[in-house]
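Please read the structure below before turning to the comments.
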Amino acid sequence: MNRRETLKSLLLAPMATGVIASSATSKINAAQARTWRALPKDYSYGRTEIEKESDAELFAEDYFREHELLTIAVLCDIILPSDHPNGGALDAGLPDFVEFMAKDRERYQLPLRGGIAWLDSYSLERFSANFINISEPERLMICDSIAYVDNQEAELQPGISFFSLMRNLTMTGYYTTELGFKDLGYVGNTPNVWDGVPENVLTKHGKSYEDEWLAKCVDQSKRDITAQWDDDMNLIS
Amino acid sequence: MAEQEYDVIVVGSGAGGGMATYQLANAGLKVALIEAGDYYDPAADEQRTQLRNPWESPRRGASTRRRPFGDYNSCIGGWDIDGEPYTNKGETDFRWWRGRMLGGRTNHWGRISLRFGPLDFKRHDSDGLGDNWPIGYEDVKPYYDKVDKMIGVFGSNEGLPNDPDGFFLPAPKPRLHELYFIDGAKKSNVPVYPSRLSILTKRINDERGVCFYCRQCSRACSIHADFSAGTVLVMPALKGGRVDLYTNSMVREVTTNSEGVATGVSYIDKETGQETTMKGRTIVLAASACSSARILLNSKSAQHENGLGNNSDHVGRYLHDSTGASRAAFIPELMDREIYNEDGVGGMHVYTPWWLENEKLDFTRGYHLEIGGGMTMPSYGFGFAANQYNEYIGERVGGYGNQLRDDIKKFYGSRLSIACRGESVPQFSNRCEIDPTVVDEWGIPVLRFDYQWSEHEINQAKHMQDTMEEILENAGGTLLGSKPGSDRQYGLAKPGEIIHEVGTTRMGNNPATSVTNQFGQLHDAKNVFVADAGTFVSQADKNPTWTIMALAWRQADYIVDQFKQQNL
């Protein structure tokens, strides 16, 4: 079981408050986090040698402590839970992605580390334990107070900033995976022949193509016929 | 190899160098093409980024220092390259982009392919600023025509006075957000036309494919259905057998003899660090406006004390980039869209050329509008501020849980953006020069930039902001962000950020105020030519690539003729 799966099983298993942390530590140690260190097997998307080397260095590095990773995982799971037909954040490879981005973009490191520390401090003050060690209803109470940007309470602002960053990374991390594509219904990134907005969509939006404009557009039935022009710059093929 | 004397040494494999190489080699000359970066072919699977899914990148396509336009962008290079610094003088904040690969910056550009119009060659006549070109539209038109037919550009003939017609391929139909733009512009009395991009919407020859509408020209096309100099010019030229390509080779200087005539170049093999000389009867510099200026300034000799071609002290001067500003809006009518594949071509399907030529304004020279939006492929950054538009429909911004999925779908493809690209006024004082104290990793003195926008560009940016705001609102949009004011120069991009630098080796009839003649030939050394945008006297509000290629072709004809007459 790799570290991602370990985290997921921990998070999905019904557990009593306080069990998560100690159990997580031992399981993560046992897994040795191998999959987080090695380059993915399908790692070939047009990289130069220098890029491959520098990414390999990033993969080999660890930035977060286990407690931090676990906290990130708990938050990702709250932001996009797995109880959905298209899966959730943990199914989509969060928090690996959050850790990679923190290594790739140093400017994320301090806000994430400091944000987790703020969250624990706030949680300790309110519920006498770190965020991951309080009950789920207690965690959600905290999230409710830091998840909305219109909350003006001064004391909560660092938490609100941190939660926004976590939400951004979780959402982008999820929607840039196959699960996210499916959830969105994205159908592009494939060879096709564009021939305008579908008629029913035009109607729905009250738009139409003017004939004069269409006359300038490609006749897709002739796209494969080699272009020829007359001397007056008119396309004649 | 180095002992061989080439008829022509071409430095740089982008638009200018690619065209020079193609034409000169096809005319029978023996050509050495020197490129500072590596070989690149987007058809090679190990180099392909086209049609990759975001999850293949561990950073999901986020930008890196090496690929500032994203992990899948084909162009290797950027504003900040390892071992290749540049400096800024005083308050200047010039950003210098360089491509380091076969095809140079044509791997990066937006394929916007606009001819300069008759007025663009004679701007001094309109506003008394800067200088006229020594040539006019009629001199370049035959070459624009040939470039259109050879390379391919879609667009439409509109009979506009300063945006000439061409031999166009048919345009793709507008996307939905572009129809919103058209309606918004119409309300503002701003015209809109099919855009003009060098993407093959129709077959042009048997070697290149026809666009399959993935919207990824920025990733370079594996079937060569868009233009980049590597795939469309250099690769075909290499097949003829008269071109030797030297990659990873950084030119230090042009070498000259005791008469001050160029004898070749010296360059560094980046893999070994070894410096080598190469002999050539004629040198064509096409390293990009600032790089070519740098090579000339670093080519000092007893005969050329200020650097080659610089008796006039004009090398590096009149550097100017396009102006740029942008704005975006949320279009409530585009909420909850039906999802279909609307990738289209790799860029806008519609655009607005400058439409206020004869209006009295508080700035001179115009700008055009570029349109963005649509249901684009999720990549790094997608989902950030997932439901920020809730603010505009009376709902709360933020939250967590499965409701965020609904928000994502609700707002997907509901953004419309405009980017303005305008003409700046060339200034003698805006320049690049050699920094006397800093060298790059090969010990070559680097460039130092000294550049300030004038009131014309700042006032133009203000006008851009007003225009964008009006059109976006007329399109039914709710403006995003705040309108930049005078404290931010109205959102005017930093010089260099638009990556259209021109003017550093400008052409002219007077050797005292120009670096080259009308063919890009140095006044001070007849066997040295410049084939990049350095020769531009003024830049128009048009993206420079099409003009670079037309002029490079014209220059190549001249060089061939000079060879025949034994003048070279």
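All but one of (1) within 28 Å of residue B:40 (Cβ to Cβ); (2) surrounded by 24 or more Cβ atoms within 10 Å (Cβ to Cβ) hold for residue B:314, so report the exception by its number.
Among (1) within 28 Å of residue B:40 (Cβ to Cβ); (2) surrounded by 24 or more Cβ atoms within 10 Å (Cβ to Cβ), the lone unmet condition for residue B:314 is (1).
Filter the range B:18-50 down to the residues that are modelled with pLDDT of 95 or more, of a type in the set (A, V, I, L, M) and in a loop (DSSP other than H, G, I, E, B) and list them by number.
Hits for the range B:18-50 are B:27, B:29, B:36.
Considering only the range A:42-61, state which residues are facing chain B (nearest Cβ under 8 Å), acidic (Asp, Glu) and under 17 Å from residue B:66 (Cα atoms).
Across the range A:42-61, the qualifying residues are A:51, A:55.
With the condition kept exactly as written, say whether any residue in the range B:107-114 is within 14 Å of chain A (Cβ to nearest Cβ), surrounded by 23 or more Cβ atoms within 10 Å (Cβ to Cβ), touching a residue at least 40 places away in the same chain (Cβ under 8 Å) and within 21 Å of the chain's Cα centre (by Cα).
Yes: the range B:107-114 contains one or more residues that are within 14 Å of chain A (Cβ to nearest Cβ), surrounded by 23 or more Cβ atoms within 10 Å (Cβ to Cβ), touching a residue at least 40 places away in the same chain (Cβ under 8 Å) and within 21 Å of the chain's Cα centre (by Cα).
Report, by residue number, each residue of the range B:384-426 that is surrounded by fewer than 20 Cβ atoms within 10 Å (Cβ to Cβ) and either part of a loop (DSSP other than H, G, I, E, B) or touching a Cys at 6+ places or on another chain (Cβ under 6 Å) (or both).
Those that are surrounded by fewer than 20 Cβ atoms within 10 Å (Cβ to Cβ) and either part of a loop (DSSP other than H, G, I, E, B) or touching a Cys at 6+ places or on another chain (Cβ under 6 Å) (or both): B:384, B:385, B:394, B:395, B:396, B:397, B:401, B:402.
It is to be established whether one or more residues within the range B:211-233 are surrounded by fewer than 20 Cβ atoms within 10 Å (Cβ to Cβ) and either over 25 Å from the mean Cα position of the chain (by Cα) or free of Cβ contacts under 8 Å to residues at least 12 places away in the same chain (or both).
no
Within the range B:158-183, how many residues are touching a Gly at 6+ places or on another chain (Cβ under 7 Å) and either more than 23 Å from residue B:545 (Cβ to Cβ) or within 8 Å of another protein chain (Cβ to nearest Cβ) (or both)?
10
This table checks each residue for (1) part of a helix (DSSP H, G or I); (2) free of Cβ contacts under 8 Å to residues at least 60 places away in the same chain; (3) crowded, with 18+ Cβ neighbours inside 10 Å.
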{"residue": "B:441", "(1), (2), (3)": "no, no, no"}
{"residue": "B:461", "(1), (2), (3)": "yes, no, yes"}
{"residue": "B:465", "(1), (2), (3)": "yes, no, yes"}
{"residue": "B:471", "(1), (2), (3)": "yes, no, yes"}
{"residue": "B:498", "(1), (2), (3)": "no, no, yes"}
{"residue": "B:511", "(1), (2), (3)": "no, no, no"}
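Could you give me the residue pairs with C-beta distances under 6 Å whose first residue belongs to the range A:182-211 and is within 16 Å of residue B:183 (Cα to Cα), whose second residue is part of a loop (DSSP other than H, G, I, E, B) and of a type in the set (Ser, Thr, Tyr) wherever it lies, and which are 6+ apart or on separate chains?
Within 6 Å, the pairs are A:202/A:208.
Restricting attention to helices (runs of 4 or more DSSP H) lying wholly within the range A:46-152, give those where 3 or more residues are surrounded by fewer than 17 Cβ atoms within 10 Å (Cβ to Cβ), free of Cβ contacts under 8 Å to residues at least 60 places away in the same chain and not small (Gly, Ala, Ser).
Result: A:49-60, A:109-127, A:136-146.
Here's a check for you: in the range B:72-106, which residue that is touching a Lys or Arg at 6+ places or on another chain (Cβ under 6 Å) and more than 21 Å from residue B:14 (Cα to Cα) is farthest from the other protein chains (Cβ to nearest Cβ)?
Residue satisfying both the conditions and the ranking: B:89.
Among the candidates A:213, A:194, single out the residue that is within 11 Å of chain B (Cβ to nearest Cβ), of a type outside the set (Gly, Ala, Ser) and part of a helix (DSSP H, G or I).
A:213
Any chance the range A:169-177 includes a residue that's modelled with pLDDT of 95 or more and touching an Asp or Glu at 6+ places or on another chain (Cβ under 6 Å)?
No: zero hits.
Has the range B:375-383 got at least one residue that is among the β-branched types (Val, Ile, Thr), surrounded by fewer than 19 Cβ atoms within 10 Å (Cβ to Cβ) and not in a helix (DSSP H, G or I)?
yes
The values are calculated or read from the model by the stated rules, or taken from the named source; none is laboratory data. The structure presented is a predicted model; accordingly, all values stated were derived computationally and were not measured. Every residue, glycine among them, receives a Cβ derived from its backbone with ideal geometry; neighbour counts consider all protein chains shown.
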